[in-house]
Amino acid sequence: MNASRKGWIRQSLLRMAAFIRRRPLDQDLNDEMAVHLEMAIEENLKRGLNPEDARRQALIRFGNVGQAREYHRAARGLPGMDVLMQDLSYALRTLRREISFTLVAVLILGLGIGANVAVFSVVNTLLLRPLPFPNSKQLVRIHQEAPKGGESSMTYSVDATQAFQNRTRAFDEVTGYFAFSGPDNVKLMGNGQPEPITALSVAGNFFPTLGVEPILGRQFSAEECLKNSRPVALLSHDFWKRKYASDPALIGQAIKLDGIPTTVIGILPETFDFGSVFSPGARVDVYQPAIFANMEDWGNTMALVGRLKPGVSLPQAQAEANTIFPELFFNSKHPEYGHGYTANLYDLKDYVSGKLRESLLLLWCGVGMILLIVCVNLSNLLLARAATRRKEFAIRNALGAGRGRLIRQLLTESLILAVIGALVGLGMAYAAITYLAHQSSISLPLMSSIRLDREALGWTVLVTVLTGLLVGVLPAFKVSGKSLHASLKDSGPGTSEGRSHNRLRGALVITEIALACLLLVGAGLLLRSFLHVLDVDLGFQPSQSAAISVDYDDGGNVVKRGVILQSILARVEQIPGVETAGITDNLPMSINRSWGIQAKGHSYRKGELADTFVYLVTPGYLNAIGMHLVKGRDIQWQDTDKKQAVVIINETVARALWPGQDPIGQIAEAGGSDAQVIGVVADVHETNAETQAGWQMYLSQTAPQYGPVGADLVIRTKLPPTSLGSAVMQVLRQMNPAQPATEFRPIQQLVDHATSPRRFFAILGGIFAALGLILASLGIYGVISYSVTQQTKEIGIRMALGATAGGVQLGVIAKTLRLALVGIAVGTIASLLLSREVASQLFGTSPNDPETFVGMILLLGAVALVAGYVPARRASRIDPMIALRNN
């Protein structure tokens, strides 16, 4: 390092030190100057001058003391920082004096910045931030192409999984999990009443493939994934904390799952949340190794995830999968399961949240418009405030403050407001994010991991600085650009300065209204789409139905199963308030398992048949869930023929398999067994209300050909389900003392969960639109109110010359409507041009929906009238004599 560079560094450090110690150095300078002044006075006294002249001569000789101090500070310290500190100090004093304005500005800025930070945190988590796994870009989701029957047509058999694991060269690891685990599917026993918990079976290499390490204990071993191995489990961190108070001594201990002692071998980290990544809204308490040897005849049950080898691209892996998967003919053993495999490979992050990309970006744009409206509104407030301070700035300009210094002062004030508003906004954003992170009812991925992280704080800083500059730049240049002579001459309302400000503020209000139009149209289209979703005929009536998981032990005996289920339903239906009841192994909009069905004796081309959603039900279920039997009859307890089962199909299956024929009495091959069609039901939306109903069939739970995977008791009642909970639980406990203490789940809750993403975006869009509408109304009110104040003298003269109060009101309201109509016209044109961008997010609604646009125009017009009426009424009450006397 050369000498000049060392000298520069040393000088910079000395200046920084001097700036930090500026107060003691200023005191030292004052003391030194005072000593020199006293010495000069004493010298003048010795020359025979009287004390007064001696001091005056000393001061004249000494020169400008204040200027000397400034030169000394500039020479020793950081003059730019000194000026900045002066600006900050002056701005804080000014804002403290005008506390009402400051509070309003901070609240408006807090709302705008807080909303932006909250939405950015959601967008960052769902779209920008990598998944919470090491090297997550290497993780790939593998599923079948163009699924038509839910999870069964997206998953793979265990032998296909093992075959691909052995043959792939593109993946380091291929793993998976059992895709059909329902909530509360296992009983935790041991202390008190059995407790329902959720368990999930995963491949032995599931956690190593993801890169998840237990915080206590270890992973599954290879031996623990074999048939007849010792039962072991890993616990989720939340379950360990909630149930076992984070006791580390639990490792190596046994817990009873469905009565089977299971050794706890590890605790997963708090950062791992299976549901948030793989099944939004789901909660998993316990993880057990999937025993492939026991799952060979279960069909397509494994959802696959792979980790690419370093240097292998996704297209390369896709090319390999296209070669391998069609050769994995699982149907050679089980022809009822399909016609071979296909494979689609997706980056796991894109698979998890890629479908939400457009919705999130639209939401981000919407909250950006809110911030623009905030900036325009605050600019309007600052313009009005600056107009009252023009004398102050003229005098400062006369005393030597240049235009740049005045602009910097005003920008400093706006930046201080933005910083305080950002602190308030951060508090609002934190509260909103905390609320969203704990909303399991919202079926959006990664919601539980939303947080205020470094990226969100960085975004806050960026938004705060930009907001401060946008808010302050227009008032700063407007005020500082006025000449000194004009500012001093401009002394009353109604002058050219006031008219100029009114025109500018009017233009800003028009901008606000146009932006509010965009928000209202967007929110209106989303809301109408959501209402159309709610109006969809689901094929069942969820509002008066509720379900509860039932536990029973039939020992695999189908006859015993029928006796148990019939007895349960008979006793439950005797409970006062229960209209009807039935049992199913699968609820709509829940686990979407599918099998195959075809007309017996018919041959079909590849792709002509669709996988069919299958439900194993008891008599009474159709009525309990509120389904409509179009023709035929319901399942009966006597439908137990070992040679031929019975099946109820939906209208879509009837049209596809027996077009133009009566399907009743026809024989179908359903799930690998012959079944006679005994009924046809209306189509049910089995996954969500926005997709067309697929193929569906309903088989008997007591048929010997089939085995249910669980049991949900469904009741129909006009009473609140919780009021029947104790009575139903008493019956179930009498039938089976080991019945877990589960609660009723309203069927409507399943529907709400399925529609929660659209509801989430519609509600947020509505909140932003309402906020934009409020800000626009405040802008209109501010401009009209300020205009009335500026024209007080003019209105007083007009009323003295005979103008009526009604005429004055009409004039003010007419001005309000002119601003509103111009803004609405601009906003409507912009909305028509941009509404097509949201077309992909709409359901049953046109992007140019006339009702939405008419509603927006009427709403904004009404708000403008209300905002203009208050100042109009005030203007009509002006006393001409008081107005003329005060002006």
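Provide the per-residue ³J(HN,Hα) series for the range 313-324, in order, calculated from phi with Karplus coefficients 6.51, -1.76, 1.60 and θ = phi - 60°, each as a whole number of Hz, with x at glycine and proline positions.
8, 5, x, 5, 5, 5, 4, 5, 4, 5, 7, 7
Under 5 Å between amide hydrogens, which residues at least 5 positions from A290 or on another chain qualify, with H placed 1.01 Å from N in the peptide plane?
V202, A203, G204
Enter the accessible area of L308 (Å², nearest 10), with the probe set to 1.4 Å and all protein chains included.
10 Å²
In whole Hz and in residue order, list the ³J(HN,Hα) couplings for the range 542-551 that follow from phi through the Karplus curve 6.51 cos²θ - 1.76 cosθ + 1.60, θ = phi - 60°; x for Gly and Pro.
x, 5, 10, 10, 8, 10, 9, 5, 10, 10
Run the simple label-point estimate for E851 and M39 please: 7 Å along Cα→C-beta, distance reported in nm.
9.2 nm
Please turn the phi angles of the range 134-143 into ³J(HN,Hα) values with the Karplus equation 6.51 cos²θ - 1.76 cosθ + 1.60 (θ = phi - 60°), one per residue in order, whole Hz, x for glycine and proline.
x, 6, 5, 5, 7, 7, 9, 8, 10, 8
Going by average Cβ neighbours within 10 Å, how do the peptides 441-454, 197-210, 581-594 rank, with the highest at the top?
Put in order of decreasing packing, that is 581-594, 197-210, 441-454.
Any idea of E690's accessible area? Nearest 10 Å², probe 1.4 Å.
The value for E690 is about 70 Å².
Points 7 angstrom from Cα along the Cβ direction at Q574 and D350: gap in nanometres?
Result: 6.1 nm between the two label points.
Counting alpha carbon pairs within less than 8 Å and at least 6 residues apart, what relative contact order, in whole percent, applies to the range 145-342?
32 percent
Pairs K243/K355; K187/K560; K241/K349; K187/K643: which are spaced more than 31 Å apart, C-alpha to C-alpha?
Long pairs (Cα-Cα over 31 Å): K243/K355; K187/K643.
Please report the antiparallel percentage of the DSSP beta bridges confined to the range 552-739, to the nearest 5.
Roughly 65 percent of the beta bridges in the range 552-739 run antiparallel, per DSSP.
Please work out whether the range 113-241 counts as rounded, prolate or oblate from its C-alpha gyration tensor, where a ≥ b ≥ c are the square roots of the eigenvalues and a/c under 1.5 means rounded, while otherwise a/b larger than b/c means prolate and anything else oblate?
Judged from the Cα gyration tensor, the range 113-241 comes out oblate (a/c at least 1.5, b/c at or above a/b).
The values are calculated or read from the model by the stated rules, or taken from the named source; none is laboratory data. Keep in mind it's a predicted model, so treat the numbers as computed, not measured. Counting neighbours? That spans all protein chains shown, and the Cβs are built from the backbone with ideal geometry, glycine included. Please note that ligands, DNA and RNA were not included when accessible areas were found on the heavy atoms of the full protein model with its side chains. Shrake-Rupley method; radii C 1.70, N 1.55, O 1.52, S 1.80 Å.
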